[in-house]
Amino acid sequence: MKVIKFGGSSLANGQQFERVVNIIREDSQRQVVVTSAPGKSATESVKVTDMLLQYAESCISGHPDEQLLKAIKVRYRQIADSFDVSEADLATITDQLDALNQAHYPSYRQLREYFAAHGELLNAQLLALILQSQGVPARFVLPTQIRFESKKNDEAVFDEEKSLDRLATFPVEKDVVYVFPGFFGFDQHNRIRTFSRGGSDITGAILAEGLQASLYENFTDVSAIATVDPNVIANPEPIKAMSYSEMRELSYAGFNVFHDEAIIPAIHGQVPICVKNTNDPDALGTWIGPASQLKDSRNITGIACTKHFAALYLHRYLLNRDSQFTRRLLALMADYKISYEHMPSGIDDLTVIFNRENLSEKQLQEFVQAVRQELAPDIIRLHDQLAIIMVVGQGMKNRSGALEQIIAPLAKEKISLQMVNQGASEIAIMLAVDEEDAKRAIKAIYDSEFA
Ligand SMILES: Nc1ncnc2c1ncn2[C@@H]1O[C@H](COP(=O)(O)OP(=O)(O)O)[C@@H](O)[C@H]1O
Ligand SMILES: N[C@@H](CC(=O)OP(=O)(O)O)C(=O)O
């Protein structure tokens, strides 16, 4: 049995749904289907999830945007119109949108999540109806198996163990196609909670693990994962195969074609993943699995980049002897809700690199001031507007000269390197450069390996 997930671009309109139906019918092993909400395509410029979140804000403000609600219904109607879905059946779906603003929610956060989840909830119901109308024995499944724990601060934490327990008793009958909505599940109070954005990939992965699928197929709008984000460099080399660890490093560092947290259930279940293109289903796509099964591994598999980082450099004589220094720094970071990404250190120096995207300038300055006061470093320096480039490759493991090969093209291009970390992960090298140099740096490294 295979789990097959379709992203928002694959389910954006009626034409895309036709392709999806054909892909499901083509292989009788494709029995567990996960849907995203209708996304963007050449003709649709907005994701339904974003429309629902905007609608949620209008309801919170006390002025529900009825035009927007209508526009969301139109998205589902346009899909239904491409098939044989009756008015009555469509109404069972769109009526659920009318009910959104009538329910009571424990918090605004939960209201937003509940509204957003309806993008996938309704799309899965619609796909099940469409499959049935085409003679496929499809069943919609409310994902009560996907479990979250709502914490005191209202955060929802995914509970893999409880989810697996529930999935262990899920009966997969021969020839039946099960359609699950992605992106959300239920907490201990049986209230809807969602993953972070792009989280339908995680639903697919946990179903693949829990139902012991032979393959997790993830259908999107590119024929393979490329060595570099195609929005940064045009027509980059495709990656035919890579290890779970390579994919996790690359997706965390900026390849948002696949959610980084979706790798973990796949690893636990040892289910290989194949990323494929709904618009070109015969293309081989990218295979992701255990490193031991890779036939050959290049020095560099991929180069990912994320902007909006800052580095705080601290210097104090004999800093390494002060066992409390790092602990107090991390406590301050927790107070400001900043989580660090990298922390290279030396005898007298420590740099902490963090994503500052959700910090205002004022919050950032307050944090720096608090560090100055609490820790009294001899030198404190903030380097803002950094881009983090992760160069990832299974082939770099235990290979001397890997770092030199990556850095040499940057020196040639006179790009100044703010930081390098070839730390805990033996398959990834982190480079920090000024944001304005990021694209040139990626191109220089890419050209030296692939051009
Ligand atoms: N390295 C990469 N290789 C391929 N696509 C990438 C890469 N990095 C980012 N992307 C982007 O990811 C997109 C697919 O992800 P997404 O838009 O979330 O699709 P879906 O709608 O299927 O969930 C691609 O169209 C591409 O713009
Ligand atoms: N629809 C949700 C969840 C998701 O996974 O979407 P997609 O598969 O289109 O990335 C989002 O937009 O975040």
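The values are calculated or read from the model by the stated rules, or taken from the named source; none is laboratory data. What you see is a predicted model, and the numbers here were worked out from it, not measured in a lab. Cβ coordinates were reconstructed from backbone atoms using ideal geometry, including for glycine residues, and neighbour counts include every protein chain displayed. Accessible surface is based on the protein model in full, side chains and every heavy atom, while ligands, DNA and RNA are left aside. Shrake-Rupley method; radii C 1.70, N 1.55, O 1.52, S 1.80 Å.
Determine the share of the chain's accessible area contributed by carbon and sulfur atoms, expressed in whole percent, with a 1.4 angstrom probe.
Roughly 47 percent of what the probe reaches on the chain is carbon or sulfur.
Lysine pairs in region 2-221 with Cα distance under 21 Å, only those 8 or more apart or on different chains: how many are there?
So the count of such lysine pairs works out to 10.
Can you grab the distance from the C-alpha centre of region 83-101 to the C-alpha centre of region 322-356, Å, no decimals?
51
Calculate, axis by axis, the spread of Cα positions in region 1-138 along the three principal axes, and write the results as whole Å, longest axis first.
Answer, in whole Å and largest first: 47, 29, 28 Å.
Rolling a 1.4 Å sphere over the protein heavy atoms, what is the accessible area per residue of region 303-450, to the nearest Å²?
Numbers: 7680 Å² over 148 residues.
Normalised by residue count, the accessible surface of region 303-450 is 52 Å².
With loop defined by DSSP as not H, G, I, E or B, and exposure as at most 11 other Cβ atoms within 10 Å, which is the longest segment of the chain clear of exposed trypsin sites (Lys or Arg not before Pro)?
1-150
Assigning unit charges at the beta carbon (Lys, Arg +1; Asp, Glu -1) and nothing else, what dipole magnitude in debye, to the nearest 20, does the chain show about its Cα centre? Before the final figure, lay out the partial values.
Working: 45 positive and 59 negative charges, 87 e Å.
Value, rounded to 20: 420 debye.
Please list, or write none, the aspartates and glutamates whose alpha carbon is within less than 15 Å of the alpha carbon of Lys443, excluding same-chain residues fewer than 8 places away.
Excluding near neighbours in sequence, the set is Asp229, Glu237, Glu413, Asp434, Glu435.
For labels at Leu318 and Arg372 in the simple 7 Å Cα→Cβ model, what's the distance in nm?
2.6
Compute, for Tyr108, the solvent-accessible surface of its heavy atoms (probe 1.4 Å) with the complete set of protein chains present, and express it in square angstrom to the nearest 10.
Accessible area of Tyr108: about 140 Å².
Round to the nearest 0.05 the FRET efficiency obtained for Asp84 and Ser400 when R0 = 51 Å and r is the Cβ-Cβ distance. Before the final figure, lay out each step's value.
Numbers: r = 64 Å, r/R0 = 1.25.
Efficiency for this residue pair is about 0.20.
So, for region 2-221, what is the accessible surface per residue at a probe of 1.4 Å, expressed in square angstrom? Mind showing how you got there, number by number?
Numbers: 9370 Å² over 220 residues.
Each residue of region 2-221 exposes 43 Å² on average to a 1.4 Å probe.
Among Leu131, Ala334, Leu364, pick out the residue whose Cα is farthest towards the positive end of the charge dipole of the chain, where Lys and Arg carry +1 and Asp and Glu carry -1 on C-beta, about the Cα centre.
Projecting each Cα onto the dipole axis, the largest value belongs to Ala334.
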